[in-house]
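Structure first, commentary second.
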Amino acid sequence: MLNLSVAGVLEKNKITSDGVWLLLLEVALPDSEESLRLVRNSEDIVWNGHTWSAFNFTVGEIKEDSEETQPSVPVRVSNITQIVQAYVEANNGLTGATVTLRVVHSQHLDNLLPEVEEIFTVQSTTCDSHWVTFDLGCDLSVQLRFPFRRVLKNFCAWRDQYKGIECGYAGSLPPCDGTLQSCRERGNSVRYGGEPSIPEGGLYA
């Protein structure tokens, strides 16, 4: 089961919504601090301090081969403009590059944590006049980041986002100290970002 944020759950349960779920593709360029950042959308977006370029790409089904040690996932990126192919040719096919797929919601781009994040490695790349196809290794059991944050007994994860999407407090009281008691004083304990059920001294990451 997906571990969606509070904002994500609210959006998922809406009968209608003005927003959409967006799929982000980030390819880390070898020997560089730069990344190729694409969003499957009709227009560019800004998320997590970066501009994600609108691009047509698809994520295929997991495929297996009797000679392969692990399954792979094909990702096809439009090659009409040959922009992506230029990156491929300049970086030895991008073989071994890290590829991260994320899901965010267009109405909550100020939420810096994606609803879903999965990390892959480029196994091979092919290009034709229409598509650049990346075959991604998908050993997700050791690369899927879960949970997305540290879980503490009596410290709210949303303290630095007071009155933000996750916190949800809309009153006039000043910022709290991150404890459940402070959250109760504000009548907002249902949105508390800590885990009181963790035993004393518990810290999980």
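Remarks
Per-residue answers, yes or no, for (1) part of a helix (DSSP H, G or I); (2) within 22 Å of the chain's Cα centre (by Cα); (3) among the polar types (S, T, N, Q); (4) modelled with pLDDT under 85:
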| residue | (1), (2), (3), (4) |
| --- | --- |
| 149 | no, yes, no, yes |
| 157 | no, yes, no, yes |
| 173 | no, no, no, no |
| 197 | no, no, yes, yes |
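- A Cβ distance below 7 Å, combined with a sequence gap of six or more or placement on separate chains, defines the contacts here; from segment 11-32, residues that are in the same structural domain as residue 49 (by TED's automatic domain parsing) reach residues that are of a type in the set (Ser, Thr, Tyr) and at pLDDT below 65 in the pairs 11/17.
- Count of residues meeting criterion [buried (at least 20 other Cβ atoms within 10 Å of the Cβ), among the hydrophobic types (A, V, I, L, M, F, W, C) and in a strand (DSSP E or B)] in segment 94-118: 2
- Residue check for residue 88: at pLDDT below 90 and of a type in the set (A, V, I, L, M): no
The values are calculated or read from the model by the stated rules, or taken from the named source; none is laboratory data. Computed from a prediction, not measured in an experiment: that's the story for all the values here. Using ideal geometry, Cβ is built from the backbone for each residue, glycine included, and neighbour counts are taken over all protein chains shown.
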